Amino acid sequence: MTEQPEDYARHNARMKRVQAARERIQARHTLERGLLIVHTGNGKGKSSSAFGMAIRSLGWGMKVGIVQYVKGSWETGEKTFFQANPDLLTFEVMGEGFTWDTQDRARDIAAARAAWERSKELILDPEYDFVILDELNIVLRQDTLPIDEIVAFLKDRPLTKHICITGRGAKDSLIEIADLVTEFGEVKHPYKAGFKAQKGVEY
């Protein structure tokens, strides 16, 4: 069916009403402070999305800090890029790999503790605007760090900066205090079809 001029007129009138409604809604949203963001779920893209927000923040001239809790032993594209450009942001590689690779509970706890202490430093540093705690959820899910301690600190965090925590299996108490929670769901993944991890997509 070919659209007629009167169809365009109806569309334009409808869009004007939508625009007016959107402006009324936006006028009621006036709060502004640092957000606590959680990326969780079994789907791919939790860390990638957080790194995308880091780039967005850099675009606005904000200072960004990233602490990696688990993937530190991996050679990844983001690790290569950020470490080659230290003037862009602070990128702290604190993890030593997945627990099935380290096979040393005491070492895992020590690495997680060191990463958390560094995370607190970045969060408390007034120069930083956005801090990403990559894969902290995995550490908390494995009870390598006490969730009550982390939640208590985050409740009293400075509200001048954004914090994003990634990793599957986010604890309920963390989700409860977060401002923004996104669950990444897996619909289809090439790994299940026999593909190995692909450079530039998986790492």
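The values are calculated or read from the model by the stated rules, or taken from the named source; none is laboratory data. Keep in mind the model is a prediction, meaning the values are calculated, not measured. All Cβ positions, glycine included, derive from the backbone under ideal geometry; neighbour counts span all protein chains shown. The area values use the complete protein model at the heavy-atom level, side chains included, leaving out ligands, DNA and RNA. Shrake-Rupley method; radii C 1.70, N 1.55, O 1.52, S 1.80 Å.
Heavy-atom accessible area per residue, the range 69-203, 1.4 Å probe: how many Å²? The partial results should precede the final answer.
Details: 7630 Å² over 135 residues.
So the range 69-203 comes to 56 Å² accessible per residue, rounded to a whole number.
In the chain, the DSSP-assigned H stretches of four residues or longer account for a calculated mean residue ellipticity at 222 nm of -13500 deg cm²/dmol, using -39500 (n - 2.57) per stretch and the full residue count as denominator. For Rg/Rh (Cα atoms, Kirkwood Rh), the value computed from the atomic coordinates appears in the list [x] 0.93; [y] 1.09; [z] 0.99 under label [y]. Converting phi to 3J(HN,Hα) with the Karplus coefficients 6.51, -1.76 and 1.60 and the offset θ = phi - 60°, the range 137-149 yields 4, 5, 4, 5, 5, 8, 6, 6, 10, x, 4, 4, 5 Hz in sequence order, with x at every glycine or proline. Given H placed on each backbone N at 1.01 Å, which residues far from Met62 in sequence or on other chains put an amide H within less than 5 Å of it? Counting only residues 5 or more places away or on other chains, the set is empty. Between Val181 and Val38, the built amide H atoms are under 5 Å apart, and every one of these is 5 or more places off in sequence or on another chain.
Only lysine pairs 8 or more places apart or on separate chains count here, and in the chain those with Cα atoms under 16 Å apart total 18. Computed from point charges on the beta carbon alone (+1 for Lys and Arg, -1 for Asp and Glu), the dipole magnitude for the chain about its Cα centre is near 700 Debye.
Under a 5 Å amide H cut-off, with hydrogens placed 1.01 Å from N, Phe91 pairs with Ile66 among residues at least 5 apart or on other chains. With a 1.4 Å probe and every protein chain kept in, tell me what percent of the accessible surface of the chain is carbon plus sulfur. Accessible surface attributable to carbon and sulfur in the chain totals 53 percent.
3J(HN,Hα) along the range 43-49, derived from phi through the Karplus expression 6.51 cos²θ - 1.76 cosθ + 1.60 where θ = phi - 60°, amounts to x, 6, x, 5, 5, 4, 5 Hz, with x in place of Gly and Pro. With the simple model of a label 7 Å out from the Cα in the direction of the Cβ, Arg33 to Arg10 spans 4.7 nm. Annotation: extensible slack from Val201 through Lys120 equals 26.1 nm (criterion: 0.36 nm per residue apart, minus Cα-Cα distance).
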